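All of the numbers you see were taken from the coordinates with simple rules; none came from a lab. Fair warning: this is a prediction, and the values are worked out from it, not measured in the lab. We place every Cβ from the backbone using ideal geometry, glycine too, and count neighbours over all the protein chains shown.
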Amino acid sequence: MRSLTRRQFVQRSSLVAAAATLGSACSDTGSRAGARPRAVVIGSGFGGSVAALRLGQAGISTVVLERGQQWTLAGPDTFPRIGQPDRRTTWFGEVEALTGAAAVTPWAGMLERVAGDTLDAICGACVGGGSLVYGGVLIQPQRELFSQVFPQINYDDMDQVYYPRVIAEIGAARIPDDVLASQNYAAHRAFLEDARAAGFAVQRPHTGFDWDIIRREINGREAAAASVSEYIYGCNSGAKLSTDKNYLWHARATGKVEIRSLTEVVMMRERDSGGYALECRCINAQGDELERYELQADYVFLAAGSLNTSKLLLKSQLAGGLHGGNDRIGQRWGTNGDQLMLEYSSRPVSGPQGGPACVAAIDASDAAYPVTFMHSPARVPVDIQIQLAMSVPDASGEVVYDADSGRSMIRWPRDVDTPAARARVDSFNRLLTQTGGTSLDGLAGRPTVWHPLGGAVMGDACDHIGQLYGYRNLFVVDGSLLPGTAAAANPSLTIAANAERIMEQLVPRLVRR
């Protein structure tokens, strides 16, 4: 919020909270069946937030449909805590989405766990989407690898225009020296030292957190949250700069954008006269259906995330609502080459591990398979360290939809012995040589994917501006566009920057029509 003081932000946030309270059902009052916006955005994560703001700024009437709740900070117990599973953690599941283990009561919680044949994947379910449940780090991919993965995108444009635009809008910043020097961040300093010694290129990437609030946590002037690794489920100190605080806030302020929470899109249908009709299901936090209605629009922007964008498109095609015959939907799905690496440290760092994820290192010793490590602070014993390794995977999977069960399913050829997988293990072993630690390989449990990508990939299912082949005015603006990888980086920054690139090209065309 570059133009607002903290006092002004808190005051304005309270007004938003009055209109969209935690746990409210269908943020609108009464039926919206008769309202017809020019554009509908399905999903409100990084891609959907960007699309909503740029459409609103252009004066295009827009409705954002979000299946999850609006979460507004209302005290130190607003968000669930790690290791204390309750219904707030999970989107209508019987086990906690984060671990897939502890039992919870089905509810409209923050994370959905989607099953696969060899792994499970996690995605957000709330206003702000993944920006409320990610680690906060905004890593920019390296030029050469980015250009190989995304040949249709000019890296200079991303580097000079779109990446900086996202960072400025979110208000992201690198971890300051004084915070890094504090006791809570001793593990970060150790990681940077060891990674340098291993020959890795270390960095402090931009992070979507308010470091002033984290300073107050450290100094005891704010309830400890991010600074003790309570940063995944929102953040109870308010430090997380999720998109409901920037992109979506500014979108609402245009007066052209309406955000409807707890509203699922059940089906999409092409209209004979042009545009699309969406069957919408309004629910409460317990999952009870309150209303069904049809919403029509000229333009639809899909931003429900890789898994749910693919699911909605596959379901609608199978039912005959969409008849463009695009057989590439659901294809080229991938895990971002993620692998969680656990280390039993020979040099335990006392005290809490401060968060969020805010330091990283790149091992480019294997030019064909560079590996990025994101140091991942967590509430674990002091002798355990966690690193998330990311690389470009060799394998490609798919998302399929089963009409009988009404569920989507991930098919993934688990890459345990591919060149990319071996490169990740080799890099981790080089790091362990410096730390003196021991790999705890196999203790992370069933593989869980934090960064599901693909399913409507640019140049395969869509063109370079996200328009689905076979359809007019149906666009994808989320992680579905990325071919199973974000070029060995956390995908959030690239998803948002790519959405900025797409909207800059699309919006002038829509305004002229």
Response to the item:
Place a point 7 Å from the Cα of Gln152 in the direction of its beta carbon; the residues of region 470-490 whose amide N falls under 20 Å from it are 470-488
Discussion item. At a threshold of 8 angstrom on Cα-Cα distance, excluding pairs fewer than six apart, so keeping six or more, what relative contact order does the chain reach in percent?
Written reply: 21
Worksheet, complete the sentence: Contour minus Cα-Cα span, Ala197 to Leu340, at 0.36 nm per residue, comes to 49.3 nm
Fill in: Under 22 Å from Lys256, Cα to Cα: lysines that are on another chain or at least 8 residues apart
Lys245
Item to complete: Evaluate the charge dipole of the chain about its Cα centre and quote only its size in Debye, nearest 20, assuming +1 on the Cβ of each Lys and Arg and -1 on the Cβ of each Asp and Glu.
Response: 1320
Response to the item:
For region 282-295, in residue order, the Karplus 3J(HN,Hα) values (coefficients 6.51, -1.76, 1.60; θ = phi - 60°; whole Hz; Gly and Pro = x) are 8, 10, 9, 5, 8, x, 6, 6, 9, 6, 10, 8, 9, 10
Worksheet item: What residues have an amide H closer than 5 Å to that of Met267, excluding those fewer than 5 places away on the same chain, when H is modeled at 1.01 Å from N in the peptide plane?
Response: Glu279
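Can you tell me the FRET efficiency between Ala181 and Val380 if r is taken as the Cβ-Cβ distance and R0 is 22 Å, rounded to the nearest 0.05? Provide the component values of the computation, followed by the final result.
Values: r = 22 Å, r/R0 = 1.01.
E(calc), rounded to 0.05, equals 0.50.
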Fill in: Arg513-Ser350 pseudo-label distance in nm [points 7 Å out on the Cα-to-Cβ vector]
6.4
Fill in: region 88-163: GluC sites (Glu not before Pro) falling in loop per DSSP and having at most 16 other Cβ within 10 Å
Glu94
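Tell me the net charge near Ser365. Cut-off is 11 Å between Cβ atoms, Ser365 excluded, with +1 for each Lys or Arg and -1 for each Asp or Glu. Intermediate results must be reported in sequence, preceding the final value.
Details: positive: Arg430; negative: Asp363, Asp366, Asp426.
Summing Lys and Arg as +1 and Asp and Glu as -1 gives -2.
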Practice prompt. Working from Cα positions, state the angle (0 to 90°, nearest 10) between the long axis of helix 305-319 and the longest principal axis of the chain.
Written response: 30
Worksheet item: Given Leu262, Trp412, Gln387, which one lies farthest toward the positive end of the charge dipole of the chain, if we put +1 on the Cβ of every Lys and Arg and -1 on the Cβ of every Asp and Glu?
Response: Leu262
Item to complete: Please get the size of the charge dipole for region 284-396, origin at its Cα centre, with Cβ charges of +1 on Lys and Arg and -1 on Asp and Glu, quoted in debye to the nearest 20.
Response: 80
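So how much slack lies between His323 and Asp272, counting 0.36 nm per residue of separation and subtracting their Cα-Cα distance, in nm?
On the way: separation 51, 0.36 × 51 = 18.36 nm, distance 1.16 nm.
Working it through step by step, the gained length comes to 17.2 nm.
At a threshold of 8 angstrom on Cα-Cα distance, excluding pairs fewer than six apart, so keeping six or more, what relative contact order does region 230-354 reach in percent?
Details: 110 pairs, mean separation 19.4, N = 125.
Relative contact order here is 15 percent.
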Response to the item:
For region 96-102, Karplus-derived ³J(HN,Hα) couplings (6.51, -1.76, 1.60; θ = phi - 60°; whole Hz; x for glycine and proline) come out as 4, 4, 5, 10, x, 10, 5
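At 0.36 nm per residue, and after removing the present C-alpha to C-alpha distance, how many nm does the segment from Leu290 to Asp402 gain when stretched out fully? Before the final figure, lay out the partial values.
Numbers: separation 112, 0.36 × 112 = 40.32 nm, distance 2.56 nm.
Result for the pair: 37.8 nm of gain on full extension.
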Worksheet, complete the sentence: Expressed in nanometres to one decimal, the distance between label points 7 Å along Cα→Cβ at Asp86 and Ala367 is 5.5
Practice prompt. Collect residues whose amide H, placed 1.01 Å from N in the peptide plane, falls under 5 Å from the amide H of Gly330; neighbours closer than 5 in sequence don't count.
Written response: Gly455, Ala456
Worksheet item: In nm, to one decimal, how far is the modelled label at Ser439 from the one at Thr78, with both set 7 Å along Cα→Cβ?
Response: 4.1
Response to the item:
Per-residue Cβ contact counts at 10 Å, fewest first, order Ser396, Ser229, Ser261 as Ser396, Ser229, Ser261
Practice prompt. Quick one: work out the % antiparallel among DSSP beta bridges in the chain, nearest 5.
Written response: 75
